[in-house]
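The values are calculated or read from the model by the stated rules, or taken from the named source; none is laboratory data. Predicted model, so just to flag it, every value in this text is computed and none were measured. Cβ coordinates were reconstructed from backbone atoms using ideal geometry, including for glycine residues, and neighbour counts include every protein chain displayed.
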């Protein structure tokens, strides 16, 4: 997959309360037009004023689930990026509420792959399609326990 071709010129909102995360994501996604927001209010204002091809939202520091409600309503494919809210419950909650992917911050260096992958699958509804989940499944199995998917069997079906 050629991430640069898929992402080139896309307008992406990045919302996170950590300045170093915003800076790193802007560097990785240099082929995109990025807007950054370090608070819920800033991100909400960006979403009111601009049209985005995708969004990357932190869960904890910026009321990420409230922003996800807005991006979902607007049809903006959204990737949830988290460190502190890294749990199987938050994984399922993110997908249920409309996120196209749930990515741990420790995999942030691969954000171009994950973002390109979800953009390839629009307008499909959010879910476990594409390669992002296949790539991260061993990570999640180790973090959440090998049988974590069985606990949420009704969700996947």
Response to the item:
Going through segment 25-64 in order, the residues found to be assigned to a loop (DSSP other than H, G, I, E, B), at pLDDT 95 or above, in contact with a helix residue (DSSP H, G or I) (Cβ under 9 Å, 6 or more places away or on another chain) and within 20 Å of residue 110 (Cα to Cα) are 29, 31, 32, 53
Worksheet item: Of the residues in segment 65-91, how many are in contact with a helix residue (DSSP H, G or I) (Cβ under 7 Å, 6 or more places away or on another chain), in contact (Cβ under 8 Å) with a residue 60 or more places away in the chain and either assigned to a loop (DSSP other than H, G, I, E, B) or closer than 14 Å to residue 107 by Cα (or both)?
Response: 1
Worksheet item: Only one of 85, 116, 99 is modelled with pLDDT under 90 and crowded, with 17+ Cβ neighbours inside 10 Å; which?
Response: 85
Worksheet item: What is the residue count in segment 1-24 for residues that are at pLDDT 95 or above, under 22 Å from residue 106 (Cα atoms) and outside any loop (DSSP other than H, G, I, E, B)?
Response: 11
Practice prompt. Would you check which residues across segment 12-30 are touching a residue at least 40 places away in the same chain (Cβ under 8 Å) and more than 14 Å from the chain's Cα centre (by Cα) and list them?
Written response: 17, 18, 24, 28
Worksheet item: Just to be sure, is residue 79 under 12 Å from the mean Cα position of the chain (by Cα), surrounded by 21 or more Cβ atoms within 10 Å (Cβ to Cβ) and under 17 Å from residue 10 (Cβ atoms)?
Response: yes
Practice prompt. Return the only residue of 150, 110 being over 13 Å from the mean Cα position of the chain (by Cα) and either surrounded by fewer than 19 Cβ atoms within 10 Å (Cβ to Cβ) or part of a strand (DSSP E or B) (or both).
Written response: 150
